[in-house]
Amino acid sequence: MTIRQKIERLLRQVSYLRFKGFKLYADDLLNGKRTWSLESKLISYDKYPQSVSGSSERYLSIVDRANNNPDDFLRFRSNLQYMTILEHVDRALGAEYWEIIQKYRVSTKKLFKYIKNDLCGPSRFTYQGIGRVSPTNLRYAKVCLDIEALFGSTSKFRIAEIGVGFGGQCAALYSHQSFSKYTLFDLPPVLNLTGKYLDESEVPKEKVEKGKMVNSYGAFDLVISNYAFSELSRELQEEYLEKVILKSAKGYVIYNDFTGDGLSPMEATEFANRLPNGLILEEFPETHPNNCLVIWGEYDLSKLQLSNNF
């Protein structure tokens, strides 16, 4: 690099710093050093065509890499391929989640400890009052408080989650109020990664189990699925309805407005109509037009934060 190029680069950095402020500049610089990409595709996947994530070679390649390489496990959340599926909550959306968390006026040291954890190297941003944290962790924490507002304490709940990612929601719920049992439903390689993540968290092994699609489960107290059930084929959705969802007294599902890839999933209205006391609410904050929140069972809407009118 020539002297002129070095000067031009320095001037660009100064201009960027003045525009964004030191904290934002530092966040971007540190996150930029963390992010990484797969050098090549590892394996070809055609085993899981009934879901969006199961059809993504990029996503399953990094899951495989994190499962089999200890160094990559410690940094998989900052992988660019992985971030297109799960770690794509940006700074601005994280700020909205953080605002809602504060408005709930419910805090526990364990939940805040979870929010601040840096396990598996996610991108982090600086927020007033809590410091530099993962916006994805803030989303999981906000969902915890939504669930508490709607359904009360989860401490004695048997919970099932459809589409668990890396287990962040499970870890957040345990940090906030715990649960009796947590059953995880996802693709086999994803469940392996979730197991590795939860082993490093504070969730006791005896409280977690891998779900199997057999019609032998007892009743659940709560089913959760955020941006996952709505990305399944109709055939797989019907199986989950029969074997998991309709066996649950309550539910919290963030429903994607998804129509692609030939999966033909049911629309949110049809889904809600098949649930006991099913109700469609706006997604707040909105992550995509026409996304919504579907809940069912016995719930209390009086404490749920659903708008900026606090």
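Using amide H atoms built in the peptide plane, which far-off residues or other-chain residues are under 5 Å from Leu38 H to H?
The list, which skips near neighbours in sequence, is Leu80, Gln81.
Sequence neighbours fewer than 8 away in the same chain don't count; with that in mind, list the aspartates and glutamates whose C-alpha is under 12 Å from Lys303.
By straight Cα distance, Lys303 reaches Asp146, Glu148.
Computed on alpha carbon atoms, what radius of gyration and Dmax characterise the stretch 190-269, expressed in Å?
Radius of gyration, then largest Cα-Cα span, for the stretch 190-269: 14.2, 39 Å.
Which of Val294, Val253 comes first, and how do the rest follow, when ranked by fewest Cβ neighbours within 10 Å? Show your work: numbers first, answer last.
On the way: Val294 22, Val253 26.
Ranking Val294, Val253 by Cβ neighbours within 10 Å, fewest first, gives Val294, Val253.
Using Cα positions and a limit of under 17 Å, work out the aspartates and glutamates in reach of Lys142, with same-chain residues fewer than 8 apart set aside.
List returned: Glu87, Asp90, Glu96, Glu99, Glu161, Glu282, Glu283, Glu286, Asp300.
Evaluate the distance, in nm, between pseudo-label points positioned 7 Å from the Cα of Asn68 and of Asn277 along their respective Cα→Cβ axes.
Going by the 7 Å Cα→Cβ label model, 4.8 nm.
Do the alpha carbons of any pairs in Lys110/Lys205; Lys113/Lys196; Lys103/Lys196 sit beyond 29 Å of each other, and which pairs?
With Cα atoms farther than 29 Å apart: Lys103/Lys196.
Based on Cα positions only, what radius of gyration and what Dmax would you give for the stretch 45-178, in angstroms?
15.6, 46
Give the residue from Ala172, Val208, Leu193 lying farthest towards the positive end of the charge dipole for the stretch 153-216; charges sit on Cβ (+1 for Lys and Arg, -1 for Asp and Glu) and the dipole is referred to the Cα centre.
Positive-most Cα among the choices belongs to Val208.
We did not get these values from a lab; they are worked out from the coordinates using the rules stated. The structure presented is a predicted model; accordingly, all values stated were derived computationally and were not measured. Heads up, the Cβs are rebuilt from the backbone with ideal geometry, glycines too, and the neighbour counts pull from every protein chain shown.
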